[in-house]
């Protein structure tokens, strides 16, 4: 049983992925077939050992795709594709210039047909190749989509024009339509691919958490080796400021580790002997010797990367509106063309006239503005959103955002500010006497809460302790000439038999507590830290609730830690103590109900898996880069009310796309009767075709611009 | 923390590679190194709660011999 993971080329839409998956499932001898459209990957397991990869390749090739070895990194492949696409776009734009000039200004110039034919041919062959190729692959499988429509109409328009030109009929040339349609559509594809490219960057961002090198103890000495050479059971040394390069447990040493990529919690966690540490976590202070317990491929981070990659591609494809329209339109137009041919032949007895009219139907039917309908609305909609501090990545995001039923919220950093701030200080003894000593002790600490205390008393002259001691997991003890001070959690105090019970009953705000006491005088002070709610959280969640949305809270925090946020925002649903995979499981579980459209709002790497699995993901701009790259919507400011505005703009943009599609098809549909020859004395001329094309393009652009003025 | 030195037949770099996983996996061991330039191929181990015999036994499972040389 050999598991294979390969790249696939030739998949142009989510439907291709389904077709390829079906094709491979039918193949005997292989199992567990998974095709991922976004990452362009296929994986399966060989059950029949006699089966070769070549045999599979033959089957795949027959379906119109091709398998490639996985040795080129995904990022590089995407970059190559992006480069190819931008070349195709610039090529098309360059050659459409003479095409437009010949068509609009110098149409009666004797060289006009020749120059138009050449420019149009160059655009079709170089930039439009993929439309023809995809249409051909689809046709062999008995399917049609937008590519079919484009290939047939541009191909026929070009061939028909060549034929007419050859006959000396310079008045029935459609070179310009053919070239311009391809140019507009190339522009649309270019935009679409940019969004797809960004999701792949998310995985690259996660990979950056993996160190390339590790300091391994070899025969008692620490040696820097490439990460691939680190083996199970090796001892690895990590110094303050470095990322932990392996999964394992602490053999020796002590330090504070920032595991926020996994848990989302901003406070570093203390690690000492026997504690587990994970790849990618950041050692903020101290130094650790770690015994490696998982290979590079099996680390928690590596598995997270795999799952993000899978989640991105395994999303149920929501077909783009354009493809849905095309699915009806293409067969209809082909039906009309056929009927025209048969009609002329049967009724009028003129098969040659019928052929000409049938071709004319196909030529006029291709809505040139089709390529403009989505991109222009998106550009205006995204621009409007960006002016309002919202980044929207793709068209689907707009469609889905306006249909969302359930919002899943991450707590720390999304609903809350994400950093604990000093909320309250209570003095149980004379404050002025103790502040200089407290500052003296805290200055030697690297704990983040210590910084919060220091910031509160910026102008105090500190008194340094004679002796200082750090008690891991509890706090610090400082000896002064007149007293011994304890600063830390309540277990530090109780280990010196100082009870905090009578004082903690008075504590109002719930949060992280730092106690100060002295061996001589008992409890002196209590500092309470809290991670505050974002100011707009209440209003934003209430508004969404009124609009009929359901809220869920998923947090890595404990039930006690999340209780305050839950009660403040009336959040009942959801789960506490979630690992990244728990969040994802919750999302997938919700999505099982087909009526629900699930949005995940998060800020951290630990949310990225759930975000990738959700129907739509929204990132907070102050959060991790990876979250922003997975997300289809990013709120640049940490203002949750922007999400409501985003929903509104999404609805408006979606509306505009629909109107645009209507305008794009309208003029062409009106012209079809002319092409069929139903109106005696009128027939299709390039002037009519040109006018239809111009009218629909202008209508679409104007309609898109109107979006700017909607409030 | 105690230290113990064994003489051994851990002769070269590749022998060290072989004993590394075994010695690393013994929880009581804090540090260890082999001096292959010494004629007796001295293995020095710093340990906390492990009996020197256990170290000898563990090395024996992969065919290496170690004999107590000195202990403090």
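The values are calculated or read from the model by the stated rules, or taken from the named source; none is laboratory data. What you see is a predicted model, and the numbers here were worked out from it, not measured in a lab. Note that we place each Cβ from the backbone using ideal geometry, even for glycine, and neighbour counts take in every protein chain shown.
Among A:654, A:658, A:706, which is the only one that is modelled with pLDDT of 80 or more, surrounded by fewer than 16 Cβ atoms within 10 Å (Cβ to Cβ) and under 22 Å from residue A:388 (Cα atoms)? Even if it seems obvious, please write down each step before you answer.
Numbers: A:654 fails: surrounded by fewer than 16 Cβ atoms within 10 Å (Cβ to Cβ); A:658 fails: under 22 Å from residue A:388 (Cα atoms).
Being modelled with pLDDT of 80 or more, surrounded by fewer than 16 Cβ atoms within 10 Å (Cβ to Cβ) and under 22 Å from residue A:388 (Cα atoms) holds for just one of A:654, A:658, A:706, which is A:706.
Among A:507, A:516, A:528, which is modelled with pLDDT of 85 or more and either in a loop (DSSP other than H, G, I, E, B) or more than 28 Å from residue A:567 (Cβ to Cβ) (or both)? It would help to see each step written out before you state the result.
Details: A:507 fails: modelled with pLDDT of 85 or more; A:528 fails: either in a loop (DSSP other than H, G, I, E, B) or more than 28 Å from residue A:567 (Cβ to Cβ) (or both).
After applying the criteria, what remains is A:516.
Could you run through the stretch A:220-249 and say how many residues are within 14 Å of another protein chain (Cβ to nearest Cβ) and in a strand (DSSP E or B)?
So in the stretch A:220-249, the residues within 14 Å of another protein chain (Cβ to nearest Cβ) come out as A:220-223, A:225, A:229-237, A:246, A:248-249.
From what is left, the residues that are in a strand (DSSP E or B) are A:221-223, A:225, A:235-237, A:248-249.
Summing the residues that are within 14 Å of another protein chain (Cβ to nearest Cβ) and in a strand (DSSP E or B) in the stretch A:220-249 gives 9.
Yes/no per residue for (1) loosely packed, with under 14 Cβ neighbours inside 10 Å; (2) modelled with pLDDT of 75 or more; (3) in contact with a helix residue (DSSP H, G or I) (Cβ under 7 Å, 6 or more places away or on another chain):
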position	(1), (2), (3)
A:33	no, yes, yes
A:54	yes, yes, no
A:74	no, no, yes
A:87	yes, yes, no
A:99	no, yes, yes
A:127	no, yes, yes
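Could you tell me whether any residue of the stretch A:104-112 is under 19 Å from residue A:162 (Cα atoms) and buried (at least 16 other Cβ atoms within 10 Å of the Cβ)?
yes
Can you name every residue in the stretch B:37-51 that is more than 9 Å from the chain's Cα centre (by Cα) and not in a loop (DSSP other than H, G, I, E, B)? Spell out the reasoning first.
Here is the first cut: in the stretch B:37-51, the residues more than 9 Å from the chain's Cα centre (by Cα) are B:37-41, B:46-51.
Residues satisfying the conditions are B:46, B:47.
For residue A:217, only one of the following conditions fails: (1) within 11 Å of chain B (Cβ to nearest Cβ); (2) in a strand (DSSP E or B); (3) free of Cβ contacts under 8 Å to residues at least 60 places away in the same chain. What is its number?
Every listed condition holds for residue A:217 apart from (3).
Of everything in the stretch A:1-22 that's assigned to a helix (DSSP H, G or I) and farther than 12 Å from residue A:67 by Cβ, which residue is modelled with the lowest pLDDT? So that I can check it myself, show each step before the final result.
First, pick out the residues of the stretch A:1-22 that are assigned to a helix (DSSP H, G or I): A:14-22.
Narrowing further to those that are farther than 12 Å from residue A:67 by Cβ: A:14-19, A:21-22.
On the way: A:14: 61, A:15: 65, A:16: 73, A:17: 74, A:18: 74, A:19: 78, A:21: 82, A:22: 81.
Going through the qualifying residues, I end up with A:14.
So residue A:70 clears everything in (1) surrounded by 14 or more Cβ atoms within 10 Å (Cβ to Cβ); (2) out of contact with any helix residue (DSSP H, G or I) (no Cβ under 6 Å at 6 or more places or on another chain); (3) modelled with pLDDT of 80 or more except one condition, right? Which one?
Only one criterion is unmet by residue A:70, namely (3).
Quick check: anything in the stretch A:253-265 farther than 25 Å from residue A:558 by Cα, touching a residue at least 40 places away in the same chain (Cβ under 8 Å) and within 14 Å of chain B (Cβ to nearest Cβ)? Step through it out loud before you land on a result.
Going residue by residue through the stretch A:253-265, those that are farther than 25 Å from residue A:558 by Cα are A:253.
If we keep only those that are touching a residue at least 40 places away in the same chain (Cβ under 8 Å) too, we end up with none.
Looking for residues that are farther than 25 Å from residue A:558 by Cα, touching a residue at least 40 places away in the same chain (Cβ under 8 Å) and within 14 Å of chain B (Cβ to nearest Cβ), one finds none in the stretch A:253-265, hence no.
Checking the condition in a helix (DSSP H, G or I), touching a strand residue (DSSP E or B) at 6+ places or on another chain (Cβ under 9 Å) and buried (at least 24 other Cβ atoms within 10 Å of the Cβ), which residue from A:599, A:619, A:627 passes? Give the steps one after another, and end with the answer.
Values: A:599 fails: in a helix (DSSP H, G or I); A:619 fails: in a helix (DSSP H, G or I).
When all the criteria are applied, what remains is A:627.
Pairs needed: first member in the stretch A:47-64, farther than 17 Å from residue A:32 by Cα; second member anywhere, assigned to a helix (DSSP H, G or I) and modelled with pLDDT under 80; C-beta distance under 7 Å; at least 6 residues apart or different chains.
A:63/A:19; A:64/A:137; A:64/A:140
Could you tell me which of the residues A:499, A:495, A:518 is over 30 Å from residue A:252 (Cβ atoms) and out of contact with any strand residue (DSSP E or B) (no Cβ under 6 Å at 6 or more places or on another chain)?
Numbers: A:495 fails: over 30 Å from residue A:252 (Cβ atoms); A:518 fails: out of contact with any strand residue (DSSP E or B) (no Cβ under 6 Å at 6 or more places or on another chain).
Among A:499, A:495, A:518, only A:499 is over 30 Å from residue A:252 (Cβ atoms) and out of contact with any strand residue (DSSP E or B) (no Cβ under 6 Å at 6 or more places or on another chain).
Restricting to the stretch A:144-180, name every residue that is part of a loop (DSSP other than H, G, I, E, B) and without any contact (Cβ under 8 Å) to a residue 12 or more places away in the chain.
If we filter the stretch A:144-180 for residues that are part of a loop (DSSP other than H, G, I, E, B), which is where we start, we get A:144-145, A:167-174.
Selection gives A:167, A:168, A:169.
Can you tell me which residue in the stretch A:76-85 is farthest from residue A:188 (Cα to Cα), limited to those that are surrounded by 12 or more Cβ atoms within 10 Å (Cβ to Cβ) and at pLDDT below 80?
Narrowing the stretch A:76-85 to residues surrounded by 12 or more Cβ atoms within 10 Å (Cβ to Cβ): A:77-79, A:81-82, A:84-85.
Filter once more, so that each one left must be at pLDDT below 80: A:77-79, A:81-82.
Numbers: A:77: 20, A:78: 17, A:79: 18, A:81: 15, A:82: 13 Å.
For the stretch A:76-85, the residue satisfying everything is A:77.
In the stretch A:439-462, what count of residues is obtained for those that are touching a helix residue (DSSP H, G or I) at 6+ places or on another chain (Cβ under 7 Å) and surrounded by 18 or more Cβ atoms within 10 Å (Cβ to Cβ)?
Summing the residues that are touching a helix residue (DSSP H, G or I) at 6+ places or on another chain (Cβ under 7 Å) and surrounded by 18 or more Cβ atoms within 10 Å (Cβ to Cβ) in the stretch A:439-462 gives 4.
Can you name every residue in the stretch A:157-169 that is modelled with pLDDT of 80 or more and surrounded by fewer than 22 Cβ atoms within 10 Å (Cβ to Cβ)?
Our first condition is that a residue be modelled with pLDDT of 80 or more; within the stretch A:157-169, this holds for A:157-167.
Listed by number, the residues that qualify are A:159, A:160, A:162, A:163, A:164, A:165, A:166, A:167.
Output the residues belonging to the stretch A:363-396 that are at pLDDT below 80, touching a strand residue (DSSP E or B) at 6+ places or on another chain (Cβ under 9 Å) and part of a helix (DSSP H, G or I).
A:378, A:382, A:386, A:396
From the residues in the stretch B:21-40 that are within 15 Å of residue B:65 (Cα to Cα) and crowded, with 20+ Cβ neighbours inside 10 Å, which one is nearest to the other protein chains (Cβ to nearest Cβ)?
Applying the filter and picking the extreme gives B:34.
Looking at (1) part of a helix (DSSP H, G or I); (2) within 25 Å of residue A:645 (Cβ to Cβ), which is the one condition that is false for residue A:567?
(2)
Looking at B:18, B:57 in this structure, which one is more than 14 Å from chain A (Cβ to nearest Cβ), surrounded by fewer than 18 Cβ atoms within 10 Å (Cβ to Cβ) and part of a helix (DSSP H, G or I)? Break it down into steps so the answer makes sense when it comes.
Values: B:18 fails: more than 14 Å from chain A (Cβ to nearest Cβ).
Answer to the selection: B:57.
Of all residues in the stretch B:1-15, which are within 12 Å of chain A (Cβ to nearest Cβ) and either part of a loop (DSSP other than H, G, I, E, B) or under 10 Å from the mean Cα position of the chain (by Cα) (or both)?
Looking only at the stretch B:1-15, we keep the residues that are within 12 Å of chain A (Cβ to nearest Cβ), and these are B:1, B:10, B:12-15.
Listed by number, the residues that qualify are B:1, B:10, B:12.
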